[in-house]
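Worksheet: one structure, shown below.
The values are calculated or read from the model by the stated rules, or taken from the named source; none is laboratory data. What you see is a predicted model; the values in this text were computed from it and never measured. Counting neighbours? That spans all protein chains shown, and the Cβs are built from the backbone with ideal geometry, glycine included.
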């Protein structure tokens, strides 16, 4: 099978105008794609428009637009009718993480979409191998997982289900590279994907160390901000080993792997956080506490930081050893 | 006991002029401290001078000096005689990671240093609780662990041994804050300390995923560079949970902790790397391969990136919730 998509001609379909859907739509509009958005939920259309506009205004602030925001908004069609998707070469589902609802939505998408369209889910919770059973041609079904804000992160995980064809994977990887992404491919839909799963390994270990009172969560934050943070964006994980010299890592692994936490349990401190309905900056209660102003300050800081780190990452050698990047 | 140190009057002693010792000396000179350096190894003095000068020239390039480099170099005394340490309020050992040699060196330091001087080791391999047994007053003995380049990282781990007094810990924390560091305290000398130990948890998991062919090491690097790297320097670990909303983490932990690798074994891929004497960029062979020019390119990029991320980190809200930072 030779999967071909020409979404820049035919547009990309996005189903769901939640936070992530809106962010993805804005990033595709900013790239010049016509977007057919489906808002299945009543009232979602208006909120979605507002969110997409906000994201495009951020794009403008980041200096990644070459025309006024209005011209990008003009590329967008929002409708409640799946019929709008019939010309799209790629349709991405971004709705609530509920298997039954997703299955219904994918049946509707499959019924209307082109025979060679690629169907994708932005899910981070439901295995692609399960979701793809809902469509008649599971070979053309794949996971595409953005990070928020979609226009400002080079990160993109592409997740193969059991039945996803290589041609589909290749086509999506190629497409993502034209979006300025650095796509990573999961050959199997591993739970938690890659980044999240690796971070869960970090959380398991640090929750253990904090529970044992060897350190505090504030100090753990400092360590990662000022140590891991000082090389992460430049090097990643394996390059770091190469850079540091490799020799000592091997000895350290032999000594330290047996000491790491293997516990499946949630630490009492984390349990307490959950029991007290802490939602982090959303309600001001979390590992730290936040006034409304502080919560706002963190949101603004994150937006600014995204811009800075996005441009910073673009300044560093990317084509050494055949690595791909466009800035 | 009330530990008092006035190193800016009496100078700081550094024993060992290797890569790390030279880097620490340069960072202290850049802060205006007189430094008494002891070079126990023949020929180390000349190489050390060269390294320190190179680091100070980098400081100049980073715009963190307020006078010509020569004036900072004039604050430095290098000698083979431990006698030079007798007025120092703080003496830091930065020699080879060998217990017997360190014990000999600390006996010499303790014999000459002031009664209330704090003695410290920059070790990342030998437990402070063991090292401190070598000196007559283990209460005033502590671990101080810099990251390289010492002048450009806010990271500093302070490690308590079993016998380290609270007054000693407090004094070193206060001092480190005047150095523009964000010190983190390890109440117990946990193997691997904090950042390294957390990164070992990452390595254990990713080596497992790569071994199972679920992903590749190049893709793992991309994930961490472009996802974790896009928030790490701003938020650290726990703040990230607060920011993302906390609710979903708990559910994810319950599902994913039991799936994480608990293996103590080194993966065959890593074993092969070691067996083929791969030293990373040092000899061009590692997870990636490097020509000499590429190795040099990575070193230069890391130096530049340090400057950029150092200044970038300083631009973000630091005093929210009582966090300390000076830029």
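When you scan the stretch B:35-45, do you find a residue that is in contact with a helix residue (DSSP H, G or I) (Cβ under 6 Å, 6 or more places away or on another chain), part of a helix (DSSP H, G or I) and not assigned by TED's automatic domain parsing to the domain that holds residue B:310, even just one?
Checking the stretch B:35-45: not a single residue is in contact with a helix residue (DSSP H, G or I) (Cβ under 6 Å, 6 or more places away or on another chain), part of a helix (DSSP H, G or I) and not assigned by TED's automatic domain parsing to the domain that holds residue B:310.
Select the helices (runs of 4 or more DSSP H) contained entirely in the stretch B:216-311, then report the ones holding at least 2 residues which are within 7 Å of chain A (Cβ to nearest Cβ) and touching a strand residue (DSSP E or B) at 6+ places or on another chain (Cβ under 7 Å). So that I can check it myself, show each step before the final result.
Numbers: elements: B:217-226, B:232-235, B:238-244, B:247-256, B:268-275.
It comes to B:217-226, B:238-244.
Hey, residue B:252 hits all of (1) under 22 Å from the mean Cα position of the chain (by Cα); (2) surrounded by fewer than 20 Cβ atoms within 10 Å (Cβ to Cβ); (3) not assigned by TED's automatic domain parsing to the domain that holds residue B:129 but one; which does it fall short on?
It is condition (1) that residue B:252 fails.
Answer with yes or no whether residue A:26 is assigned by TED's automatic domain parsing to the domain that holds residue A:101 and assigned to a helix (DSSP H, G or I). Give the derivation first.
Values: assigned by TED's automatic domain parsing to the domain that holds residue A:101: yes; assigned to a helix (DSSP H, G or I): yes.
For residue A:26, the condition - assigned by TED's automatic domain parsing to the domain that holds residue A:101 and assigned to a helix (DSSP H, G or I) - is met.
Name the single residue that is surrounded by the fewest Cβ atoms within 10 Å (Cβ to Cβ) among those in the stretch A:204-215 being facing chain B (nearest Cβ under 7 Å) and part of a helix (DSSP H, G or I).
Filtering the stretch A:204-215 for residues facing chain B (nearest Cβ under 7 Å) gives A:204-206, A:209, A:213-215.
Those still in the list that are part of a helix (DSSP H, G or I) too: A:204-206, A:209.
Numbers: A:204: 24, A:205: 26, A:206: 27, A:209: 22.
Selected residue: A:209.
Out of the stretch B:176-192, which residues are more than 7 Å from chain A (Cβ to nearest Cβ) and surrounded by fewer than 21 Cβ atoms within 10 Å (Cβ to Cβ)? Before you say what the answer is, go through the steps one by one.
Here is the first cut: in the stretch B:176-192, the ones more than 7 Å from chain A (Cβ to nearest Cβ) are B:176-181, B:183, B:189.
Hits for the stretch B:176-192 are B:176, B:177, B:178, B:179, B:180.
Could you check the stretch A:148-175 and list, in sequence order, the residues that are in contact (Cβ under 8 Å) with a residue 40 or more places away in the chain and surrounded by 20 or more Cβ atoms within 10 Å (Cβ to Cβ)?
Taking the stretch A:148-175 first, the residues in contact (Cβ under 8 Å) with a residue 40 or more places away in the chain are A:148-155, A:165, A:167-168, A:170-172, A:175.
Result: A:149, A:150, A:151, A:152, A:153, A:154, A:155, A:168, A:171, A:172, A:175.
Inspect all residues belonging to the stretch A:110-123 and state whether any of them is touching a strand residue (DSSP E or B) at 6+ places or on another chain (Cβ under 6 Å) and either part of a helix (DSSP H, G or I) or within 13 Å of another protein chain (Cβ to nearest Cβ) (or both).
Taking every residue of the stretch A:110-123 in turn, none turns out to be touching a strand residue (DSSP E or B) at 6+ places or on another chain (Cβ under 6 Å) and either part of a helix (DSSP H, G or I) or within 13 Å of another protein chain (Cβ to nearest Cβ) (or both).
Identify the residue in the stretch B:145-165 that is in a loop (DSSP other than H, G, I, E, B) and closer than 18 Å to residue B:181 by Cα and, among all such residues, is modelled with the lowest pLDDT. Lay out the reasoning, then the answer.
The initial filter retains those residues of the stretch B:145-165 that are in a loop (DSSP other than H, G, I, E, B), namely B:147-149, B:153-154, B:160-165.
Adding the requirement that they be closer than 18 Å to residue B:181 by Cα leaves B:147-149, B:153-154, B:160.
Details: B:147: 90, B:148: 85, B:149: 88, B:153: 88, B:154: 89, B:160: 96.
Top of the filtered list is B:148.
Out of the residues in the stretch A:124-144 meeting the condition of being surrounded by 23 or more Cβ atoms within 10 Å (Cβ to Cβ) and not in a helix (DSSP H, G or I), tell me which one is farthest from the chain's Cα centre (by Cα). Show your work before the answer.
Filtering the stretch A:124-144 down to residues surrounded by 23 or more Cβ atoms within 10 Å (Cβ to Cβ) leaves A:128, A:131-132, A:140-144.
Now narrow it down to the ones that are not in a helix (DSSP H, G or I): A:141-144.
On the way: A:141: 18, A:142: 14, A:143: 11, A:144: 8 Å.
Looking at residues that are surrounded by 23 or more Cβ atoms within 10 Å (Cβ to Cβ) and not in a helix (DSSP H, G or I), I get A:141.
I'm trying to understand the selection: among the residues of the stretch A:124-146, which are touching a residue at least 40 places away in the same chain (Cβ under 8 Å) and in contact with a strand residue (DSSP E or B) (Cβ under 7 Å, 6 or more places away or on another chain)? Write out each step before concluding.
In the first step, residues of the stretch A:124-146 are kept if they are touching a residue at least 40 places away in the same chain (Cβ under 8 Å); the result is A:124, A:127-129, A:139-140, A:143-146.
Once the filter is applied, which keeps residues that are touching a residue at least 40 places away in the same chain (Cβ under 8 Å) and in contact with a strand residue (DSSP E or B) (Cβ under 7 Å, 6 or more places away or on another chain), the stretch A:124-146 yields A:124, A:128, A:140, A:143, A:144, A:145, A:146.
Would you tally the residues in the stretch A:59-82 being closer than 16 Å to residue A:12 by Cβ and in contact with a helix residue (DSSP H, G or I) (Cβ under 7 Å, 6 or more places away or on another chain)? Break it down stepwise before answering.
Step one: list which residues in the stretch A:59-82 are closer than 16 Å to residue A:12 by Cβ, which gives A:72-79, A:82.
After this cut, where a residue has to be in contact with a helix residue (DSSP H, G or I) (Cβ under 7 Å, 6 or more places away or on another chain) as well, the list is A:72-73, A:75-78, A:82.
Adding up the residues that qualify gives 7.
So which residues in the stretch B:193-203 are at the interface with chain A (Cβ under 7 Å from one of its Cβ atoms) and either in contact with a helix residue (DSSP H, G or I) (Cβ under 6 Å, 6 or more places away or on another chain) or not in a helix (DSSP H, G or I) (or both), if there are any at all?
Result: B:194, B:195, B:198, B:200, B:201, B:202.
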